[in-house]
Amino acid sequence: MSDSGAGKTMIALEGISKTYPKATAPAVQELNLEVPEGTISMFIGPSGCGKTTTLKMMNRLIEPTTGRILLDGDDVTKVNADELRRRIGYVIQQVGLFPHFTIGDNIAVVPRILGWDKARISARVDELLHLVGMEPKDYRDRYPRQLSGGQQQRVGVARGLAADPSVMLMDEPFGAIDPITRERIQDEFLELQQQIAKTICFVTHDLTEAVKLGDRIAVFGPGGTLQQYDTPDMILTQPANEFVAEFVGSGAAVRRLSLLELSRLELQTVGLDGTAERNGSPTYEADAEGRPVRWAYVPGTEAPPQLVTVPHTGTVYDAVDIMLDSQTELVAVVDDEQKLRGALWWRDLVEGLKTKAGA
Amino acid sequence: MDFFTYVVTQLNQLVFYGQQHFLLVGIAVGIAALIALAAGTLLHTNRLTPDTWSKPVRMGTREGLLIASSAALTIPSLALFGMLQPILGLGATPSLVALTIYAVYPILRNVVAGLSSVDDAVLESARGMGMGPIRRMLTVQLPLAWPVILSGIRVAVLIIIGIAVVAGAINGPGFGSSLLLGLQRLGSVNSFNQVLAATLGCLVVAAVYELVFWVVQRFTTPRGIRV
């Protein structure tokens, strides 16, 4: 996740409303939203709250009844909709690859419309397939029906990125993928975003996904109203109103654990056995490379527990998972070279985690 | 004279009738296919019809056309040929017109069914990528609907091969006149052979068309959707 709040506004909705013909109540009303450049905004809310309608108004698949849409500062409410859409990546849950086009041709749709030359298109297709982790020579000439659901959605994302749009709109893109593949594809998606830094609006109905992927979360409420638009941390800790609090639900405290990276925490100091005094902190034995092997002394217990480690790039959620899994109250946090950075106690979680100053 | 000798003596004449029949059916179904494709595609997409046409008008026109063409199919063929005779006279022209009218329905039905069967997600992603209505129709909808449309054309051909025989009543080309003549003088010399030869001739024409369609289907169905 990159820093949110920084940078200029890429998409702005100004007083957007949508009332469908013959409907009595608007699907979206008086919506104001500013999506900062290079960030992921997750749209979440109960069914029929207008999150998909809002997304589709951004590329004018649905025309707003009133209000203005600004893309990178330009009013795009009245420009040619087809030309606008070629500037915006669009990925949907059912993927919608063209079954009669090869994977390569599917990705090349928008570049072809834009009239790129052949060599440039073919280079771009290969680049994108690499980017989504598919070997071009194996997949370029295959057809969509020869691919699994997860692979199809990777191609869907690649197709959305084809003409290098600055904005991507994604409508529950990982919703129809099995949970294990979904988790992997989410991780890949975050890695991808590190490289491409697009402005992404992403509709989901899964709060875990919203917290995991979002730099910001927009919570939609009944009647197409925006209840809160803020960082996941703020949504979870300081819900703006009853509705958001109820929507976020009782799991908020646990979900927050996955937002907190271990590297940001003030960890319990530990000493190498024999070098430091046992002044109440645990000590460990290390192998020749300095990697921790076992606990030598842990205060308050005669038989030190098994030493389990968690990388410092992980989150508190991962640490808790490991503690529960190995049934120990203490987990060692290690850096990229497997050197011990510190330890995290089970009781630290309850007593309140201390983050480093300035982190 | 046995049937085999009859066929040998009449071979040139029979081949000529066969060619006529083949062409008559081909031209009639070809024209009908153009009409059905044009009407079906135009009435399928909102933005291909004039802006003033609202969705109900467009759908109504499409359904109306389907009903009218299916009603046309229920007109007894002999009656239709007879009714066209005062206007268009005798021979090839009225035959062609009548057969075209009959062929529209099965093709139009399948054009509509084929276009409706295209996956909504595919259309939405096409729209979301900025493909306009004409581009969408030509590169996505028609190719995906094509196998269904082609099977409609195939059915039309089989129906029209049979109906084309009746064109003989107004001196139309093909096996019709020969077959009807044979039936009229049934009991006299070679009359049964004449009827049998014309009937089998129709079957041969149908078989040739089946071959043609097999090849056409093989080469025009996009690889990604070939079963």
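Average accessible surface for chain B: 49 Å² per residue, computed with a 1.4 Å probe over protein heavy atoms with every protein chain in place.
Mind pulling up the Rg/Rh value for segment A:262-351? Radius of gyration and Kirkwood radius, both on Cα.
My calculation puts Rg/Rh at 0.93.
Per residue, the average separation of C-alpha pairs within less than 8 Å and at least 6 apart gives chain A a relative contact order of 16 percent. Here the label points at residue A:252 and residue B:68, each 7 Å from Cα along the C-beta direction, are separated by 6.4 nm in the simple model.
Taking all protein chains together and a 1.4 Å probe, the residues A:351, A:34 rank A:351, A:34 from largest to smallest accessible area.
Under the criterion of Cα pairs below 8 Å and six or more residues apart, the relative contact order for chain B equals 28 percent.
Largest mean-square fluctuation among A:152, A:327, A:227, in a Gaussian network model of chain A whose springs join Cα atoms under 10 Å apart, belongs to A:327. Rounded to the nearest whole angstrom, the semi-axes of the ellipsoid equivalent to chain A, taken from the Cα gyration tensor as √(5λ), stand at 44, 27, 16, largest first.
Start at zero, step by 10 Å, and the Cα-Cα distances of segment B:12-221 spread as 8, 29, 29, 19, 10, 4, 1, 0 percent across the bins. Every Cα-Cα pair of segment A:82-137 was included, and the share exceeding 16 Å stands at 49 percent. Surface listing: A:118, A:51, A:8, A:22 arranged by accessible area from highest to lowest gives A:22, A:118, A:8, A:51, probe 1.4 Å.
On the basis of the beta-carbon distance and an R0 of 30 Å, residue A:181 and residue B:116 show a calculated FRET efficiency of 0.40. The B-A contact accounts for roughly 2000 square angstrom of buried accessible surface, both chains included, probe 1.4 angstrom.
Of all accessible surface on chain A at a 1.4 Å probe, what whole percent is carbon and sulfur? About 46 percent, which is the carbon plus sulfur part of the accessible surface. Computing FRET efficiency as 1/(1 + (r/R0)^6) for residue B:184 and residue B:7, where r is the C-beta to C-beta distance and R0 is 25 Å, gives about 0.75. Look at the alpha carbon pairs under 8 Å that are at least 6 residues apart: their mean separation over the length of segment A:262-351 gives a relative contact order of 26 percent.
Taking every full run of DSSP H in chain B, the ones that stretch at least 15 Å from end to end by Cα along their long axis and average 0.0 or higher on the Kyte-Doolittle scale are B:11-44, B:55-74, B:77-88, B:92-116, B:142-163, B:191-220. Keeping all protein chains in the complex and leaving out DNA, RNA and ligands, what accessible area do you get for residue A:231 with a 1.4 Å probe, in Å² to the nearest 10? Taking all protein chains as shown, residue A:231 has close to 40 Å².
Could you please state how large a percent of the accessible area of segment B:12-221 is carbon and sulfur, counting protein chains only and using a 1.4 Å probe?
Roughly 71 percent, rounded to a whole number.
Partners of residue A:339 within straight-line reach, counting lysines whose Cα lies under 26 Å from its Cα and excluding those fewer than 8 residues away in the same chain: A:354, A:356. Protein-only accessible surface at a 1.4 angstrom probe places the residues B:70, B:117 in the order B:117, B:70, largest first. Put the Cα centre of segment B:207-227 next to the Cα centre of segment B:163-203 and the gap is 32 Å. Would you mind estimating how fast segment A:165-220 diffuses translationally, via Stokes-Einstein at 20 °C and 1.002 mPa s with the Kirkwood radius over Cα pairs, in µm²/s? Using the Kirkwood radius from Cα pairs, D works out to 182 µm²/s. In this structure, the pairs whose alpha-carbon distance is over 19 Å, taken from A:18/A:56; A:51/B:55; A:22/B:55; A:8/A:198; A:18/A:78, are A:51/B:55.
Once the Cβ-Cβ distance between residue B:158 and residue A:145 is put in as r, and R0 is 45 Å, what FRET efficiency do you end up with, to the nearest 0.05? Result of the calculation: an efficiency of 0.90. Select from A:68, A:256, A:291 the residue whose mean-square fluctuation is largest in a Gaussian network model of chain A (Cα-Cα springs shorter than 10 Å). Sorting by GNM fluctuation, first place goes to A:291.
For segment A:72-117, a drop of 50 Å² or more in accessible area on going from the chain alone to the assembled protein chains (1.4 Å probe) is found at A:82, A:85, A:90, A:98, A:99, A:100, A:113. Of all stretches in chain B that contain no trypsin sites (Lys or Arg not before Pro) in a DSSP loop with at most 15 other Cβ atoms within 10 Å, the longest one is B:1-184. Using Cα centres only, tell me the gap between segment B:69-122 and segment B:4-68 in whole Å. The two parts, judged by their Cα centres, are 6 Å apart. Averaging the Cα positions of each part gives two centres, and for segment A:216-234 and segment A:100-166 these lie 33 Å apart. For chain B, the mean residue ellipticity at 222 nm estimated from helices alone is -25500 deg cm²/dmol, where every DSSP H run of n ≥ 4 contributes -39500 (n - 2.57) and the total is divided by all residues, rounded to the nearest 500. Within segment A:131-152, the residues that become at least 30 Å² less accessible when every protein chain is included than when their own chain is isolated (1.4 Å probe; DNA, RNA and ligands ignored) are A:143, A:145. Convex hull of alpha carbon positions in segment A:204-305: directionally averaged projected area 9.9 nm². Between residue A:31 and A:15, A:16, A:17, the built amide H atoms are under 5 Å apart, and every one of these is 5 or more places off in sequence or on another chain. Full extension of the chain segment joining residue A:164 with residue A:130 gains 10.8 nm, where the gain is 0.36 nm per residue of separation less the Cα-Cα distance. Straight-line cross-link partners of residue A:137 among the aspartates and glutamates, defined as a Cα under 14 Å from its Cα and at least 8 positions apart when in the same chain: A:105, A:126, A:127.
The values are calculated or read from the model by the stated rules, or taken from the named source; none is laboratory data. In this text the structure is predicted, and so the values were computed from the model without any measurement. Reconstructed Cβ throughout: ideal geometry from the backbone, glycine too, with neighbour counts over all protein chains shown. SASA here: full protein model, heavy atoms, side chains in, ligands and nucleic acids out. Shrake-Rupley method; radii C 1.70, N 1.55, O 1.52, S 1.80 Å.
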